[in-house]
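The values are calculated or read from the model by the stated rules, or taken from the named source; none is laboratory data. As the structure is a prediction and not an experimental result, all values here were calculated from the model. Heads up, the Cβs are rebuilt from the backbone with ideal geometry, glycines too, and the neighbour counts pull from every protein chain shown. SASA here: full protein model, heavy atoms, side chains in, ligands and nucleic acids out. Shrake-Rupley method; radii C 1.70, N 1.55, O 1.52, S 1.80 Å.
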Protein chains: 4
Amino acid sequence: MFTFPRIPASKDLPMLFVRLLRKAEVTDPMGYGRLSVGTALRHRVSELGIRLGRLERGEGNSISDVPGVSVGHTTLIQGEGRLTVGQGPIRTGVTVILPHDRNVYREKVRAGVHVHNGAGELTGALQVMEWGILETPIALTSSLNVGLVHDSIVEFMLQQNPTIGDQDDVILPVVGECDDSYLNDIQGRHVKREHLFEAVSTAGKEVAEGSVGAGTGMSALGFKAGIGTASRKVAGSNLVLGALVLANFGGELHVDGVPVGRELGLRDTQRASRSIITVIATNAYLSSSQLRRIAARVPLALGRVGSLSANSSGDISIAFSTADRIGLLGEPVTAASHQVDWSILDELFAATVEATEEAILNSIFSSETMKGRDDHTSLGLPVDDVLEIMRKYGKL
Amino acid sequence: MFTFPRIPASKDLPMLFVRLLRKAEVTDPMGYGRLSVGTALRHRVSELGIRLGRLERGEGNSISDVPGVSVGHTTLIQGEGRLTVGQGPIRTGVTVILPHDRNVYREKVRAGVHVHNGAGELTGALQVMEWGILETPIALTSSLNVGLVHDSIVEFMLQQNPTIGDQDDVILPVVGECDDSYLNDIQGRHVKREHLFEAVSTAGKEVAEGSVGAGTGMSALGFKAGIGTASRKVAGSNLVLGALVLANFGGELHVDGVPVGRELGLRDTQRASRSIITVIATNAYLSSSQLRRIAARVPLALGRVGSLSANSSGDISIAFSTADRIGLLGEPVTAASHQVDWSILDELFAATVEATEEAILNSIFSSETMKGRDDHTSLGLPVDDVLEIMRKYGKL
Amino acid sequence: MFTFPRIPASKDLPMLFVRLLRKAEVTDPMGYGRLSVGTALRHRVSELGIRLGRLERGEGNSISDVPGVSVGHTTLIQGEGRLTVGQGPIRTGVTVILPHDRNVYREKVRAGVHVHNGAGELTGALQVMEWGILETPIALTSSLNVGLVHDSIVEFMLQQNPTIGDQDDVILPVVGECDDSYLNDIQGRHVKREHLFEAVSTAGKEVAEGSVGAGTGMSALGFKAGIGTASRKVAGSNLVLGALVLANFGGELHVDGVPVGRELGLRDTQRASRSIITVIATNAYLSSSQLRRIAARVPLALGRVGSLSANSSGDISIAFSTADRIGLLGEPVTAASHQVDWSILDELFAATVEATEEAILNSIFSSETMKGRDDHTSLGLPVDDVLEIMRKYGKL
Amino acid sequence: MFTFPRIPASKDLPMLFVRLLRKAEVTDPMGYGRLSVGTALRHRVSELGIRLGRLERGEGNSISDVPGVSVGHTTLIQGEGRLTVGQGPIRTGVTVILPHDRNVYREKVRAGVHVHNGAGELTGALQVMEWGILETPIALTSSLNVGLVHDSIVEFMLQQNPTIGDQDDVILPVVGECDDSYLNDIQGRHVKREHLFEAVSTAGKEVAEGSVGAGTGMSALGFKAGIGTASRKVAGSNLVLGALVLANFGGELHVDGVPVGRELGLRDTQRASRSIITVIATNAYLSSSQLRRIAARVPLALGRVGSLSANSSGDISIAFSTADRIGLLGEPVTAASHQVDWSILDELFAATVEATEEAILNSIFSSETMKGRDDHTSLGLPVDDVLEIMRKYGKL
């Protein structure tokens, strides 16, 4: 039984691992410096000819295909070798998703949350569940950095809305996390206020994938992973739905049904890493309870890629719609409209499963091998081998 | 776009359907008479060399591998041709799962429920969720027959426990359903008290699959389906976990990751049929909230076989443990024990996903083509074609 | 410690009980014959000068103040003396709440469910929770009669909608229950199809209270209870909200904060009886998740009247709005509108608490003493004594 | 309609308010300096002869009556007059509840969470709900200070458990909040790491009430409030259950059923303040799902004191049991035992309602009038007037 993260790469590396390492040519994985946004993009499954599901991809195949939605990352990579708490090595970051380009506190959007396995954190989730409303950006980060990122969003929101707590209600930010302790000096909590502000201020339509932002130190299904995104369109309409994942969970990697993990010799990594936070955005007009139901389709995608939702896995999803906006007292900011009928809803369910599955794979396919603290190494997926396997299984 | 159930087989059958029909040799699908228990078993995926997951199958690869658990079916098949409400054609039945061979009201078992998409019925679910306890057999049947089966279980329980409602608390039976209206005279509600009693009294370790019991008139993923079962063992222990499904849901059939549905020309059947009720049994000592979490792994299996959990799909799971028993006032009937630790729990999660996936496939592989009311026809999976496809995809 | 229902009234009656019996003049409690609708109305708290809360009562102080909503009861009272299962004594019935006077399957209404303590049954609840939609009447009855009433609603719906299960989706009726076994031959399951049909066909704006319909054999907080209703208006609007309860739960009766139960010598009756089903209706435009939140205010009213929500108590609430209607495929039947803002929502929360509290008290104040099977006796509240107590506590 | 917190006390004070102010003799409310622990105790309802419910109070009538449980506060009071963000006036703090005096990460306790109205934050709640386990202290603080307190608990836990994130799993602290913006410079987020550490290190059996710790700047039901505690014993056993509240919610104050708020002229304050976090501790052996059910009894107490659980109210409860402890991998640290039977459970439900009701009242009765930022004033309950009212209503 192969359990991934607890094995220091430099020493007693199992032979399989070595073989993979060699294939992936990990000669100098540490020449990253500080990653600039965008360079982490290595391979997207769409570029490799892998087609998942039946729906058409959105323009950019990204959560930012939903008009108004933007994403920003701050990536922190520094140091190597032995762990010294507070100094590094640092392999972490923060990612923010902005529902639209206006003040989200004053123009709230509808949202729903689904907790598939709650061994994780999504602060603000209780309020989103109760009100069906999202009124802050969504931030993703390292597990032990939730507090500081939470406080930083509060600061950001106060700057934007100085009357919060004076004339207006308080705010409870939405911050999700995964555990990057395998590669990162997690105790150091290196994501500070300026990093959150940078992520917000550089947010845009280009969504870097892989080892960026909150995804920097994450691994999934036995391989280096992190941030991934994808989208789907509803035929015959202008409706689009996009997914963004922070992938850090265990299981046996399946690509379009092909047991890639098993073929590469990696099985049963479920205890190895943990958690996936999924963010779904759409411009379809949906009620908050329909958005909760959208978020509840994410486990179907998890099953497809090989997750077993281990006991320690925080598998949490949040879905929001940009179709209408709600004011400070719950009053509508936009014109009344009708929610979609059930046939459209089914298409959006399908779009959710397909986009989430592809976003997860993108998070893995886009990630290079990374060496982190104590020389722990998370392998980039050996894509050539994978393509060979896909061909063997008649999928390319 | 091919939507399955609303197309009368005898008339304007699409060509693809005809081709499939021919392959499946539907020359006389109506010579069933009344199915005797056991004869419906056609193919189990294990017999075809298909291996799902990594855990070892239980002795009988059945929910009844869990000591004490037994299953009974009553299958009702009568008449053909044009629908006359109240007369037929009848393609329906009832299935009961008994947690142990003693009085389940006096020796209750721990249980948990997970509702993945609640567009279905599982009576008694609220009480199981609240108390974490199951105190009646579980019955499965046709959607419009829930009331009569509910009443029949009450009658059965009263015979066994004449002091109910006098000195003892009342009972709220657990009855799940799927919609067999495509093949069955569903308005006729043909499952009567004697059928429930017969299912209970004939319950045993042999679990017939396919078009039997509640599964008689069901279809899933575009093909005839019904009842399926499977089990998994936890290595190095005497722990076993079994699944039984009543499968009647839509989606695109995947067998071990192979897009069989698409290859056979059947896509997007999600609106066609609806719902799957899953029953999980184990002899592992688990708390009710752990059993809820076991039940919550079922969606991972649904994702693997191709479900999209459509809006109208009642995807509901119930899991129970036979490890300890609880008396009339919540007091223990068995000796105190400790719940399993988290590594065992993860194995049980894996077992749940694997057993459920295989049970669903068994429900399809075990089902012959069936013609029902108004000559509606649900095709048995063309197994030879499927094996060919599996070979093409390197899976056999 | 006084536990109410298990004490046969005729034999070893505690002295307190005897004193109460004498006061209530239970000389011939069995001269009821078959109660005709309406005659059970004895006292409503409003007629006694008791004022609960700050909002104005609706026109009729009834759930039927909500335009379109109607209520029907069938009351079954027959026989006396020793229990012979199947023959009686019978003290039971059925109550139906119709959301509007049109076909509720074709013009569905939004709804939400809250389960405060799920040791009870509300069939169909899972679907209402999932879809946020109610598409059948709501029926209330005796615990062991749920199956037959469920089947009867199916029959009623099929008569109204003959294409159900043919061209249209199936239906899953909403049936709630309480345990009337203290007074009623509960094993006899005396509510038959004709009784459900009668309740539906006689449903109207007049809502009889007390020992009528499903409430016939129920007791609450130590006294005879059953059906109660009340309503509240939102000032400066045409919005109204009404509650109807089937009250059968334990605790220590408080009337407007006055410990009436304690003063009368009745304490700790929580294990004695069990369950309360609450139905809330409003014409305010609310989303299904807001309606769930409305239903979630019911426990506040339960706390006020003295409930402790015992382990065996099925405390379940359902709220629906008549403001808009939804068609067969989830499409709107009525014009688009905006949900109410949060200040109105708060008023509706207040209305829910006040109307539910008053409905519970009405169910008790309206009920005469009743003798049932094996001469079990449930005492009508000694109203004169209560008024005296209220005066002593400065409340009248 | 009197809405409390938005009215600057110094200017256009309504006459009623002035009258109350005069009675409460608010001549110099600002001479507090920094409150030392314990001095805030003014009146407890037990000292005034008010008796709530039927169960006997615990030794100290405090959550710390549960063996092992301790509570610590850090109270921050500084400055007066006009608000300058970052400088004050400061009226805030932090409260911690420690489940036992050992390392709670290595000896976890069972726990359950109930969200009555989720418009608030309790970080870590999702994990407690999923695992049924509490592995960090519980901290309570000001809404906008959640992030910094969260980070501070992480730091505290890391000091105690340096292998977190290295060999061991990460931690997700439990931090609840209420909004103290009416009195406090909430934007300043004045609770820093040293304050959390001080609260932890000074935690003990003496539990100060009123305007201390997290309760410093809070108000409830129209009056100054904050922290309150109480406990109940289960007769004939060594079982005890205690409640601690952070009270900051609206409604109309009722004391033992007496409409004290209305009598004092204060009605409908529900929009004024918001939220109550309730912590329940017991030494009874309960499963996590039973603890969830304990937490779900809190709304009954809220109803009794006059809450309407307004839209903006975060009404969240967490209950834990000290009866057994769980190790790092979910394995038992203590000997196996049986959960309590249902009759004991009902007594614990009663204890929860009574202790919570009394804790809320203690939080109000123990609080002096406080003037805060911009001279906003929250009135201490005029206890003499209240006693007079209680007498008028026959309750003293």
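Taking every residue in segment C:131-154 that is assigned to a helix (DSSP H, G or I) and pairing it with any residue that is at pLDDT 95 or above and of a type in the set (Lys, Arg), at least 6 positions away or on another chain, the pairs with Cβ-Cβ distances below 6 Å are C:Leu144/C:Arg189; C:Asn145/C:Arg189; C:Leu148/C:Arg189; C:Ser152/C:Arg193. For segment D:384-396, filtered to residues that are open to solvent by 10 Å² or more (accessible area, probe 1.4 Å) and outside any loop (DSSP other than H, G, I, E, B), the residue that is nearest to the other protein chains (Cβ to nearest Cβ) is D:Lys392.
Could you please let me know if D:Gly49 is surrounded by fewer than 16 Cβ atoms within 10 Å (Cβ to Cβ) and at pLDDT below 50? Walk me through it before giving the result.
Numbers: surrounded by fewer than 16 Cβ atoms within 10 Å (Cβ to Cβ): yes; at pLDDT below 50: no.
So D:Gly49 fails the test.
Taking A:Arg102, is it closer than 28 Å to A:Asp385 by Cβ, open to solvent by 10 Å² or more (accessible area, probe 1.4 Å) and part of a loop (DSSP other than H, G, I, E, B)? No; evaluated as a whole, the condition is false for this residue.
In the set C:Ser309, C:Ser321, which member is more than 13 Å from chain D (Cβ to nearest Cβ), in contact with a helix residue (DSSP H, G or I) (Cβ under 8 Å, 6 or more places away or on another chain) and of a type outside the set (Val, Ile, Thr)? Talk me through it step by step, then tell me what you get.
Details: C:Ser309 fails: more than 13 Å from chain D (Cβ to nearest Cβ).
Going through C:Ser309, C:Ser321 in turn, the sole match is C:Ser321.
Restricting segment A:156-168 to residues that are assigned to a helix (DSSP H, G or I) and touching a strand residue (DSSP E or B) at 6+ places or on another chain (Cβ under 8 Å) leaves a set whose member that is farthest from the other protein chains (Cβ to nearest Cβ) is A:Met157. Taking residues in segment A:231-249 that are closer than 11 Å to A:Ala359 by Cβ, and partners anywhere that are at pLDDT 95 or above and of a type in the set (Asp, Glu), the pairs with Cβ atoms closer than 6 Å and at least 6 places apart or on different chains are A:Ser231/A:Asp65; A:Arg232/A:Glu354; A:Gly242/A:Asp65.
Residue count for segment B:347-383 satisfying the condition of being more than 14 Å from chain A (Cβ to nearest Cβ), crowded, with 24+ Cβ neighbours inside 10 Å and among the hydrophobic types (A, V, I, L, M, F, W, C): 6. Within segment C:186-230, being under 27 Å from C:Gln127 (Cα atoms) and among the aromatic types (Phe, Trp, Tyr) holds for one residue alone: C:Phe197.
State whether the residues of segment B:161-169 include one that is touching a Pro at 6+ places or on another chain (Cβ under 9 Å) and among the hydrophobic types (A, V, I, L, M, F, W, C). Among the residues of segment B:161-169, not one is touching a Pro at 6+ places or on another chain (Cβ under 9 Å) and among the hydrophobic types (A, V, I, L, M, F, W, C), which makes the answer no.
So D:Thr95 fits all but one of (1) part of a loop (DSSP other than H, G, I, E, B); (2) more than 11 Å from chain A (Cβ to nearest Cβ); (3) under 16 Å from the mean Cα position of the chain (by Cα); what number is the exception? Just one mismatch for D:Thr95, condition (1).
Within segment C:328-346, can one find any residue that is away from chain A (no Cβ under 13 Å), within 27 Å of the chain's Cα centre (by Cα) and not hydrophobic (A, V, I, L, M, F, W, C)? No, every residue in segment C:328-346 fails to be away from chain A (no Cβ under 13 Å), within 27 Å of the chain's Cα centre (by Cα) and not hydrophobic (A, V, I, L, M, F, W, C).
Does B:Gly165 count as surrounded by 24 or more Cβ atoms within 10 Å (Cβ to Cβ) and at pLDDT below 95?
Details: surrounded by 24 or more Cβ atoms within 10 Å (Cβ to Cβ): yes; at pLDDT below 95: yes.
Yes.
Could you tell me which residue of segment A:169-189 is surrounded by the most Cβ atoms within 10 Å (Cβ to Cβ), considering only residues that are within 17 Å of A:Val154 (Cβ to Cβ) and facing chain D (nearest Cβ under 9 Å)? Taking the candidates together, the pick is A:Val175.
For C:Ile153, indicate whether it is over 19 Å from the mean Cα position of the chain (by Cα), more than 7 Å from chain B (Cβ to nearest Cβ) and closer than 21 Å to C:Ile318 by Cβ. Give the derivation first.
Values: over 19 Å from the mean Cα position of the chain (by Cα): no; more than 7 Å from chain B (Cβ to nearest Cβ): yes; closer than 21 Å to C:Ile318 by Cβ: yes.
In short, no.
If you go through segment D:163-185 and keep only what is touching a residue at least 12 places away in the same chain (Cβ under 8 Å) and within 22 Å of D:Leu126 (Cβ to Cβ), you end up with D:Ile164, D:Asp168, D:Asp169, D:Ile171, D:Leu172, D:Pro173, D:Val174, D:Val175, D:Gly176, D:Glu177, D:Cys178, D:Asp179. The residue list A:Thr95, A:Thr136 contains one member that is β-branched (Val, Ile, Thr) and under 24 Å from A:Asn184 (Cβ atoms), which is A:Thr95.
Could you identify the single residue in B:Ala199, B:Ala208 that is part of a helix (DSSP H, G or I) and within 30 Å of B:Glu47 (Cβ to Cβ)?
Numbers: B:Ala208 fails: part of a helix (DSSP H, G or I).
So the residue among B:Ala199, B:Ala208 that is part of a helix (DSSP H, G or I) and within 30 Å of B:Glu47 (Cβ to Cβ) is B:Ala199.
Taken over segment B:98-130, the residue count meeting the criterion of being touching a residue at least 40 places away in the same chain (Cβ under 8 Å), more than 30 Å from B:Lys224 (Cβ to Cβ), in contact with a Lys or Arg (Cβ under 8 Å, 6 or more places away or on another chain) and within 10 Å of chain C (Cβ to nearest Cβ) is 1. Checked against (1) assigned to a helix (DSSP H, G or I); (2) within 30 Å of C:Gly217 (Cα to Cα), B:Gln187 meets all criteria but (2).
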